[in-house]
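> One structure, as structure tokens, below. Some questions next.
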2 protein chains.
Amino acid sequence: MRLSTLETYIVYHTIPYMAGSPNHSFSIEAGRPEIEFGVTNQSTKWVLNSPDPPGFVQQICQSIKSNVFPQGNTCSDEKKHSACARVVAVLSSIFPVLNWGRNYKASNFKNDFISGLTLASLSIPQSIGYAALANLDPQYGLLAIGPVAVVSLLISSMISKLVDPAVDPVSYRNLVFTATFFAGTFQALFGILRLGFVIDFLSHAAIVGFMGGAAIVIGLQQLKSLLGITHFTTKTDVVSVLEAVVNSLGTSWYPLNFVLGCSFLVFILITRIIGKKKKKQLFWLPAISPVISVIISTLIVYLTRADEHGVKIIKHFKGGLNPSSLNQLEFNGPHLGQVAKTGLVCAIIALTEAVAVGRSFASMKGYNLDGNKEMLAMGFMNIAGSMSSCYVATGSFSRSAVNVSAGCESAVSNIVMAISVLISLQVLTKLLYYTPVAILGSIIVSALPGLIDYKEAYHIWKVDKMDFLACAGAFFGVLFASVEIGLLLAVGISFGRLILNSIRSDIEELGRLPGTDIFCDKAQYPGTLDVLGVAVIRLNSGSFCFANANPIKERITRYLSEKKQMSGIILDMSNVMSIDSSGIVALEEIHKKLVSRNVHLAIANPRWKVIHKLKIGGFVEKLGSECFFLTVNEAVDVCLSSKSIGLPSC
Amino acid sequence: MRLSTLETYIVYHTIPYMAGSPNHSFSIEAGRPEIEFGVTNQSTKWVLNSPDPPGFVQQICQSIKSNVFPQGNTCSDEKKHSACARVVAVLSSIFPVLNWGRNYKASNFKNDFISGLTLASLSIPQSIGYAALANLDPQYGLLAIGPVAVVSLLISSMISKLVDPAVDPVSYRNLVFTATFFAGTFQALFGILRLGFVIDFLSHAAIVGFMGGAAIVIGLQQLKSLLGITHFTTKTDVVSVLEAVVNSLGTSWYPLNFVLGCSFLVFILITRIIGKKKKKQLFWLPAISPVISVIISTLIVYLTRADEHGVKIIKHFKGGLNPSSLNQLEFNGPHLGQVAKTGLVCAIIALTEAVAVGRSFASMKGYNLDGNKEMLAMGFMNIAGSMSSCYVATGSFSRSAVNVSAGCESAVSNIVMAISVLISLQVLTKLLYYTPVAILGSIIVSALPGLIDYKEAYHIWKVDKMDFLACAGAFFGVLFASVEIGLLLAVGISFGRLILNSIRSDIEELGRLPGTDIFCDKAQYPGTLDVLGVAVIRLNSGSFCFANANPIKERITRYLSEKKQMSGIILDMSNVMSIDSSGIVALEEIHKKLVSRNVHLAIANPRWKVIHKLKIGGFVEKLGSECFFLTVNEAVDVCLSSKSIGLPSC
């Protein structure tokens, strides 16, 4: 006869409650006649007779199901369609071209063609620069699908520790390809196992701090090419880099590099400012200014033979299609563990960036982004890349923005871009021989200000000081220690804070809002009223577990010893989402202590899993089932009436 | 004019609300007249005009204050007393002897004397055994204040990795003393900084598993002395130990040791069963059975000269007072970091055991235990110990139990015990020369069954499967890997679970309990009713932060796309204790999505810190202040009425 009284209620109240309907009265009035000497009251029955929550195994299955097949529940509609239509739906979800390809027109192609060319002119010089940042020959960057500054820095700083690229460039390159392979594998795995949530482990604040720190570190690395220094450090922290720069300034640097680099840096920055002011007409100006700089500076060097006067030029440049790098992957070297770790870190950072870019454009254009599908695509791209002389690539905000503002309509613009890059590789090989290295440095530096989001950092400081601490930890960690330590600090602070928050041992005193049945935090609502002789306490933590059970117990005991003449204490458990065996033991000890002081204990609004555990753990039996209530108000009512008539219950 | 309306309410409702008083009506009735076209309703004002919560710095100060001076608030009473009385109070809190010493009588001493002697007879053989477990000469155990099995195992397994005790016993011993010094320092620091909570980081379940695993490992270690094996492994995992035993069985073991050890083990176990059955009269029997075994077995060996037939005896035994070991502490060796780590781990395990023992006796005898004071005492004891040839000591459950059941009345019984041990050291040195090692093994093994608490493990399994996982992880980690890995697994699983719990991305649908204003989880209370056209959703996590903001956003979006024809959605935030910048961004995106689908969003019952951050973060402004409510019920009312009259608000 479970819930029988509740069912009776339903029969009488089947008309959905409408605001202000006169037949509505508060439950305590309806339930009052049943509160007799020791007889369990109505809401207590509801609390104690709720069905069991899903078991451990059931929960895990449900969680897997909802993660792996998030659309599982809605596919019932599709069953009506034929099997053929479903195959088409699956195929077009894997190959989106099947969707947009059907309606593709010549006018679409015109737009895609223009944006593809614009994109190519941006990405050729940018990618060569990133390759230099990753300590690779320029063609590896140009060949890469879309390397970004931070991942290039990350891979170079982590692999340089294993093999010095200046000493053994071949095995360094092999390790980079192997790390790319691992990164792709991890990304694909994340996508297949629907572990999209891992990228959420880097909090927004941590990313802001990390990107800012990385931007400064990348900028400092460019001093090498801007100053034309030959011997540079492989470390990335500010102190080592500045030391290396100061040491070189005394011996070997060439001012011409600096002059060349800085003047084109100024040119690129000015075009960017112009492009921002006249977004509609001149959006293409900042996009093509890098390639203009490369062409002009190369011509200058070629005509003046400045390379003979100390201006560093690219020199080695291998054109043509990417050679296969399948046999360069090293899976049994001594560094395998470290390389796999590098792959994992790069995979996560690359995904974080790609998904962030994807989410902003999805939100801007109003479409939905399936993070897991995105990961799968990234993963396969990087696995394929590692086998064809590419290193870790990911979605780039600057290039996506150029693509969108150049009016791209579909993935065709990317195909146009790829073909343009390929042609450039064949044609421009000779030209790129004389390109000064300093120009590549200035192109990278010009992209950095966008990574330092000081406004967002200030906003984070204003909203949440602990969040800002994670941000600052990541920033200074990257700056003064290393990229990895910065990341570790950010993740550590974010999670440390999460743990500290979830094991708070605070308790809140509740009071009645005057004229209502509502009990609120006395600190939040200063006008609330105390109930005479009854203390209402709410636990301020989502879990009542080993890590906070003892402190909470001690706080309640201390609170009681401060208040004299309490006849009852009501524990509002509405916040407590989970309880473990230590929590139950603590409740038992609180009860024991209260009994010894002749104070009654009542539990109000235990959540589903909590009341289930309290039942299994035997606490409901120990305390007495009449001491459990649905609301604080009912518990207070029963406490007051039992006090006046001297009930021994709870 | 903050809270002015609330203040008006207070004027009219100053009489504390009594159960069933007829002038009481639910707030929504009182507040209804004010809900006019767009005018903010009463409870919304309360929600939005609450005072600011304490700031970041203030919170930290408060937290330090409440941790460092937990009694700070109650000392106002003491101000009335004179300064002299306060000095006495402080002194007697540091030296409890000042309290009980004043009333100490001859009859007290009689009881303390008997229990002290009983204790000494138990601890002499036990401590020698523990010293063997720690790979130290027997006198170091005998001299130690109170070594316990698990800490002995821990220190030996961790220091053996640095220096093999068989190869270089002197530097091994020095490292043990240094680790003891670090352990004492850490314990004292924990006490001074009031970091008592660190010992709560080992959950109850983890301790049960860890102790069980350690007991089995300790038992296996005793096979060395029980079988009289000469060459044994320094590893502690089951596989290595069994391998070493099997290897030795083929070559060099002496069955006489085994016969001797096993027969006395049976004797000790029988006396324990008898002692348990007749607790009142024969409690002393199990306590003195070890010393009887030692005496009898030593006599047997001495008379039969069994040591010449392969029975291993202690031999080296240095009597007299502990020599100073101050100059043996090594603070600049190559192992300093590892030794400090060993000290930290031992400090935490020793404190966990001591505080667990202390808490059970405090709860049994009804006194309060100040964990921080306890830690301070332990810390100074171990620092002093490290300088006088002792290794890490802690509170032992078995000895405390013997002390209590032998009728001790004060710390005098411990002084009696110490003097007895000292005399034994002087007198029995010769006798202990012939004590067979196997007896020490059997004494340790006899204490182990108490450490394997399979009943509690079953209880944990019944109450909480994840808790049991931590327990099993610790158990198998200790058994098959090492003591440290077992500990790490236990802490890792416990905290991993805590994090998973606090970043749940579940949402709950709420329904109205028929005939009431209460909205409850539809799964927990299956009789609840839906409100037509309005979805009420409660976030099921204590924090809405970087780690779960995106999944929660996606779940709400998915939920909405499943339900058609929703005109409003009410987000019950009563569970959310904290929100960070990622959470606010997610709320903004949810709002954006809802606006695009023409669904209204309302927030019900935001907590103090959450509403504060929403105000700072600008979300209140974006959503509109009229969309915040104190209770779900009011939000539903306003949603329904605004729907019927076509209000554009929220």
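> Expressed in nm², what is the orientationally averaged projection area of the convex hull enclosing the Cα positions of region B:475-566?
Numbers: hull surface 35.1 nm².
Averaged projected area of region B:475-566's Cα convex hull equals 8.8 nm².
> Can you work out D for chain B in µm² s⁻¹ from Stokes-Einstein, where Rh is the Kirkwood radius over C-alpha pairs, the temperature is 4 °C and the viscosity is 1.567 mPa s?
Working: Rh = 29.6 Å.
The diffusion coefficient I find is 44 µm²/s.
> If R0 is 41 Å, what FRET efficiency do you get for B:V239 and A:F56 from their C-beta distance, rounded to 0.05?
On the way: r = 30 Å, r/R0 = 0.74.
For B:V239 and A:F56, the calculated efficiency is 0.85.
> Go through region B:251-358 and name the trypsin sites (Lys or Arg not before Pro) that are in a DSSP coil and have 11 or fewer other Cβ atoms within 10 Å of their Cβ. Intermediate values should be presented prior to the final figure.
Working: sites: B:R272, B:K276, B:K277, B:K278, B:K279, B:K280, B:R305, B:K312, B:K315, B:K318, B:K341; in loops: B:K278, B:R305, B:K312, B:K315, B:K318.
Here the trypsin sites (Lys or Arg not before Pro) that fit, given the DSSP loop and packing criteria, are B:K278, B:R305.
> Which lysines, on any chain, are close to B:K430 with Cα under 22 Å apart, when same-chain ones fewer than 8 places away are left out?
B:K430 reaches B:K312, B:K315, B:K318.
> Within region B:502-604, which trypsin sites (Lys or Arg not before Pro) sit in a loop by DSSP and count at most 14 neighbouring Cβ atoms inside 10 Å?
Values: sites: B:R504, B:R512, B:K522, B:R538, B:K553, B:R555, B:R558, B:K563, B:K564, B:K592, B:K593, B:R597; in loops: B:R504, B:K522, B:K563, B:K564, B:R597.
Within region B:502-604, the qualifying trypsin sites (Lys or Arg not before Pro) (loop, at most 14 other Cβ atoms within 10 Å) are B:K563, B:K564, B:R597.
> Right, another one. Between the helical axis of A:465-480 and the dominant principal axis of chain A, each derived from Cα atoms, what acute angle in degrees is found, rounded to the nearest 10?
That works out to roughly 30 degrees.
> Quick one: what do you get for region A:110-451 if you divide its Cα Rg by 2.2 N^0.38 Å? Could you put the intermediate results ahead of the total?
Numbers: Rg = 19.3 Å, N = 342, 2.2 N^0.38 = 20.2 Å.
Rounded to two decimals, the normalised Rg is 0.95.
> Next question. Multiply the residue gap between A:V88 and A:I296 by 0.36 nm, knock off their C-alpha separation, and tell me the result in nm, one decimal place. Walk me through the intermediate numbers first.
Numbers: separation 208, 0.36 × 208 = 74.88 nm, distance 5.08 nm.
Separation in residues times 0.36 nm, less the Cα-Cα distance, equals 69.8 nm.
> Given points 7 Å out from each Cα along the Cα-Cβ axis, report the A:E562 to B:K105 separation in nanometres with one decimal.
Using points 7 Å along Cα→Cβ, the separation is 4.0 nm.
> Multiplying the sequence separation of B:S360 and B:F380 by 0.36 nm and subtracting their Cα-Cα distance, what value in nm do you get? Working shown, then result.
Working: separation 20, 0.36 × 20 = 7.20 nm, distance 2.29 nm.
Taking 0.36 nm per residue and subtracting the Cα distance, the gain is 4.9 nm.
> Just to be sure I understand the curve: with the Debye formula and one point per C-alpha of region A:259-310, what is log10 I(q)/I(0) at q = 0.18, 0.30 Å⁻¹?
-0.61, -1.09
> Using just the C-alpha positions of region B:383-469 as equal point scatterers, what log10 of I(q)/I(0) does the Debye formula give at each q in 0.24 1/Å?
-1.29
> Given the DSSP H assignment, sum -39500 (n - 2.57) over each helix run of at least 4 residues in chain A and divide by its residue total; what's the result at 222 nm in deg cm²/dmol, nearest 500?
Details: 30 runs with 394 residues, N = 650.
Mean residue ellipticity, 222 nm, calculated: -19500 deg cm²/dmol.
> Please report, in Å, the Rg and the Dmax of region B:505-644, where both are computed over Cα atoms only.
13.9, 40
> Over region B:419-550, what lengths in whole Å, largest first, do the semi-axes of the equivalent ellipsoid take, defined as the square roots of 5 times the eigenvalues of the alpha-carbon gyration tensor?
Values: eigenvalues 661, 62, 37 Å².
Output for region B:419-550: semi-axes of 57, 18, 14 Å.
> State whether the protein assembly as shown is rounded, prolate or oblate according to the following rule on the C-alpha gyration tensor (a ≥ b ≥ c being the square roots of its eigenvalues): a/c under 1.5 gives rounded; otherwise a/b larger than b/c gives prolate, and the remaining case gives oblate. It would help to have the intermediate numbers written out before the result.
Details: a/c = 2.17, a/b = 1.23, b/c = 1.76.
Oblate is the answer for the protein assembly as shown, as a/c is 1.5 or above yet b/c matches or exceeds a/b.
> Follow-up. From a point 7 Å beyond the Cα of A:F476 in the direction of its Cβ, which residues of region A:200-241 have a backbone N at a distance under 15 Å?
In region A:200-241, the label zone of A:F476 (backbone N under 15 Å from the point 7 Å along Cα→Cβ) covers A:209-210, A:213, A:238-239.
> Right, another one. Estimate the FRET efficiency between B:L532 and A:E409 by the formula 1/(1 + (r/R0)^6), using the beta-carbon distance for r and 35 Å for R0, to the nearest 0.05.
0.20
> Which whole number of Å³ per residue matches the convex hull of the alpha-carbon atoms in region B:166-260?
In region B:166-260, the Cα convex hull volume per residue is 133 Å³.
> Just the Cα atoms of region A:398-446, one point each, no solvent: what log10 I(q)/I(0) does Debye give at q = 0.32, 0.33 Å⁻¹?
Results for region A:398-446 at q = 0.32, 0.33 Å⁻¹ read -1.02, -1.04.
> Compute the distance from the alpha-carbon center of region A:497-550 to that of region B:518-540, in whole Å.
Centre-to-centre distance over Cα atoms comes out at 23 Å.
> Here's another thing I want to ask about it. Under a cut-off of 30 Å between alpha-carbon atoms, report the lysines in cross-link reach of B:K373, not counting same-chain residues fewer than 8 places apart.
A:K553, A:K563, A:K564, A:K592, A:K593, B:K65, B:K79, B:K80, B:K105, B:K110, B:K341, B:K365
> Grab the Cα-Cα distance for A:N247 and A:Y458, subtract it from 0.36 nm times how many residues apart they are, and report the gain in nm with one decimal. Don't jump to the answer; show the numbers that get you there.
Numbers: separation 211, 0.36 × 211 = 75.96 nm, distance 3.59 nm.
Stretched fully, the A:N247-A:Y458 segment lengthens by 72.4 nm.
> While we're looking at this one, here's another question. Taking the label point 7 Å from Cα in the Cβ direction, how far apart in nm is A:G450 from each other copy of itself, listed shortest first?
Distances between equivalent label points, in nm: 7.0.
> At most 13 other Cβ atoms within 10 Å and a DSSP loop assignment: could you name the chymotrypsin sites (Phe, Trp or Tyr not before Pro) in region B:285-379 that fit? Intermediate values should be presented prior to the final figure.
On the way: sites: B:Y302, B:F317, B:F331, B:F361, B:Y367; in loops: B:F317, B:F331, B:Y367.
Those that pass, being in a loop and sparsely packed, are B:F331, B:Y367.
Values in this text are rule-based calculations from the coordinates and carry no lab data. Please read all numbers here as calculations on a predicted model, not as lab measurements. Don't worry about glycine lacking a Cβ; one is built from the backbone with ideal geometry, like all the others, and counts go over all protein chains shown.
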